[in-house]
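The values are calculated or read from the model by the stated rules, or taken from the named source; none is laboratory data. Remember, it's a predicted structure, so these values are computed and weren't measured experimentally. Please note: Cβ atoms are built from the backbone with ideal geometry, for glycine as well, and neighbour counts cover all protein chains shown.
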Amino acid sequence: MENGQIITAILGLIFVLGLALITIAILKWLQTKGADFCLCKKIKNTKHINIIEQRRLDTRNSIVLLENDGNRYLLLVGADSSIIIDQTKVKGSAK
């Protein structure tokens, strides 16, 4: 490479990095001024899944008791498939 190409590449890199820093500075400034924006909006999770208990039956299969919004599920989870064994309502749940 010639010296001119190296200088052009370095100047291009400095320009791109400068633009990135300026963009970050502007976004931070807008955030401090109370602008309501987000590049990656958080997805509100309204569902709640809690694993109550989990036991291994053998090397390939396990049994899992989980709760999801007032329902409890007993699952047989294997390497090839999963099966719902039982589904019950939790006492005292609002739903």
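Values for this structure:
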{"item": "Every residue from region 61-93 that is surrounded by 11 or more Cβ atoms within 10 Å (Cβ to Cβ), small (Gly, Ala, Ser) and part of a loop (DSSP other than H, G, I, E, B)", "result": "Gly70, Gly78, Ser93"}
{"item": "Close pairs (9 angstrom Cβ cut-off, 6 or more residues apart or separate chains): exposed (fewer than 10 other Cβ atoms within 10 Å of the Cβ) in region 39-59, charged (D, E, K, R) and at pLDDT below 90 anywhere", "result": "Thr46/Asp69; Lys47/Asp69; His48/Asp69"}
{"item": "Residue satisfying all of: in region 51-80; among the polar types (S, T, N, Q) and at pLDDT 90 or above; farthest from the chain's Cα centre (by Cα) among these", "result": "Thr59"}
{"item": "Test: residue in region 26-47 that is at pLDDT 85 or above, out of contact with any helix residue (DSSP H, G or I) (no Cβ under 7 Å at 6 or more places or on another chain) and among the hydrophobic types (A, V, I, L, M, F, W, C)", "result": "yes"}
